[in-house]
Amino acid sequence: MSGYEKPSRGWGFCAPSPMLLLSLLTAAPLGLLGEETRQVSLKVISNAPDFSQNLLHIRAVGTNSTLHYVWSSLGPPAVLLVATNTPNSTLSVNWSLLLSSDPDGGLMVLPEESIQFSSALVFTRLFEFDSTNMSDAASRPPGKSYPPYSLANFSWNNITDSLDPATLSATFRGHPVRDPTGAFANGSLAFRVQAFSTSGRPAQPPRLLHSADTCQVEVALVGASPRGNRSLFGLEVATLGQGPGCPSMQEQHSIDDEYAPAVFQLDQLLWGSLPSGFMQWRPVAFSQKQGSRDSAMPCQSSPLHPTLAYLLPQSPIVRAFFKTQDHSCAFNLTFGAPTGPGYWDQHYLSWSMLLGVGSPPVDALSPLVLGIMAVALGAPALMLLAGGLFLLLGRKRDSEYQSIN
């Protein structure tokens with residue numbers, strides 16, 4: 001199921017269509033139908049006395065709803081997204097059931113009848129390809145494939161050590177349990193999770209517009225030794241389909257790249273009709289910690305395709321909450337190209353995405369672009385007005401002239 005059998009999606013380093021101008025001018029600045037602000041709390045739920053087994057529960061409470069994000073490193077890294085229509089819904093965890101061979105009921109959001117939407121993402125495998133002799137960035141696979149790293153076989157840090165209530169963030173950092181080549185002797189794979197109580201943008205690119213109905217995860221591969229001279233890395237992501245099909249994937253294009261220079265595209269995974277969930281990202285990754293245009297790499301996504309759940313590494317929290325998983329879907333993200341910036345520059349790679357409920361955030365035109373448009377559209381109008389006044393005043397002076405005779 002990890003095959004790359006179709007042309008890629010998502011690389012947006014190209015000029016946008018001018019036909020998008022009118023629709024962007026009329027777009028709502030935030031585009032969200034949910035809460036403007038939420039009371040957000042982060043809590044680590046541990047299985048005492050083994051504090052290495054823990055969950056991160058993000059609870060975002062609004063006027064008449066609650067969002068629950070449950071992040072876990074039990075098995076492969078995974079997140080549950082649950083939206084309820086009450087501000088009083090709670091998370092219940094039964095560790096004995098959750099860690100058993102039959103975890104049904106080990107994790108629940110109560111009351112169950114308040115649940116309006118629920119789904120999950122599971123980050124299952126880390127791919128590596130040697131692109132040394134490849135010239136086509138869109139080829140599938142993008143080079144010689146090395147055996148993938150199963151993220152279910154990683155050892156992860158105690159999330160409590162990285163919990164930061166001030167920034168509403170925490171980081172899962174891990175490395176393979178067995179590492180015979182020593183590739184991760186000085187490296188790690190990290191998932192930095194951050195929640196938000198209101199709308200805004202991060203300071204670092206790609207500066208995705210977030211709201212109180214979203215949380216962000218930054219995936220960073222740091223310090224791991226590549227197995228090829230010009231290795232490209234990829235990430236397999238699995239989710240649950242709503243019904244027999246898979247969620248839909250969409251591309252949005254813009255004429256404005258102020259917040260992510262040279263990137264005019266936004267990719268989205270939508271689970272269904274509103275109120276529903278979404279995953280949103282820009283098709284760009286970075287080869288340096290201080291992301292910039294010089295370190296930007298393309299991020300290509302394969303089409304979303306159905307797969308059998310038993311072929312994927314299993315997440316206990318997904319099995320516990322959803323019980324049966326009949327409709328699983330997966331897709332792959334590949335970071336970088338055979339030429340240009342790459343992981344080989346500084347042994348660093350980062351990529352960010354948003355996860356939320358409701359209508360995905362919509363970028364309004366930035367003040368800079370609005371100013372340029374005002375000048376571009378206003379200058380001809382001013383010239384026409386000045387020309388009209390000149391002709392009008394010239395005729396008036398001619399009518400006031402009287403002959404000497």
For this session: Provide the FRET efficiency to the nearest 0.05 for the Asn158-Trp344 pair, computing r from the beta carbons and using R0 = 25 Å.
Result: 0.20
Problem set entry | Accessible area (Å², 1.4 Å probe, nearest 10) - Val122 | 20
Exercise. In nanometres, what is the gap between the two model label sites at Leu97 and Val177, each 7 Å from Cα along Cα-to-Cβ?
Worked result: 2.5
Exercise. Would you list Leu99, Leu232, Leu91, Leu384 from the most to the least accessible area, probe 1.4 Å?
Worked result: Leu384, Leu99, Leu91, Leu232
Exercise. With Cβ to Cβ distances under 9 Å as the rule, what net charge do the other residues near Leu42 carry (K, R +1; D, E -1)?
Worked result: +1
Problem set entry | Computed E for Lys43/Asp104 - FRET, C-beta separation, R0 25 angstrom, nearest 0.05 | 0.60
For this session: Please give the solvent-accessible surface of Met134 in Å², to the nearest 10, using a probe radius of 1.4 Å with every protein chain present.
Result: 60
Exercise. Under a point spin-label approximation (7 Å from Cα along Cα-to-Cβ), what is the His327-Asn133 distance to one decimal in nm?
Worked result: 4.4
For this session: Would you work out the relative contact order for the stretch 39-358, in percent, from Cα pairs under 8 angstrom that are 6 or more residues apart?
Result: 19
Exercise. Separation between the Ser197 and His253 pseudo-spin-labels, each 7 Å from Cα along Cα→Cβ, expressed in nm?
Worked result: 4.1
Seminar exercise, completed: Quick calc, Glu113 & Val362: beta-carbon distance into FRET formula, R0 22 Å, rounding 0.05, result 0.10
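The values are calculated or read from the model by the stated rules, or taken from the named source; none is laboratory data. Since the structure is predicted, the reported quantities are computational estimates derived from the model, not experimental observations. Because the Cβ atoms are built from the backbone with ideal geometry, glycine has one as well, and the counts that use them run over all protein chains shown. Calculation scope for accessible area: heavy atoms of the full protein, side chains included, ligands and nucleic acids excluded. Shrake-Rupley method; radii C 1.70, N 1.55, O 1.52, S 1.80 Å.
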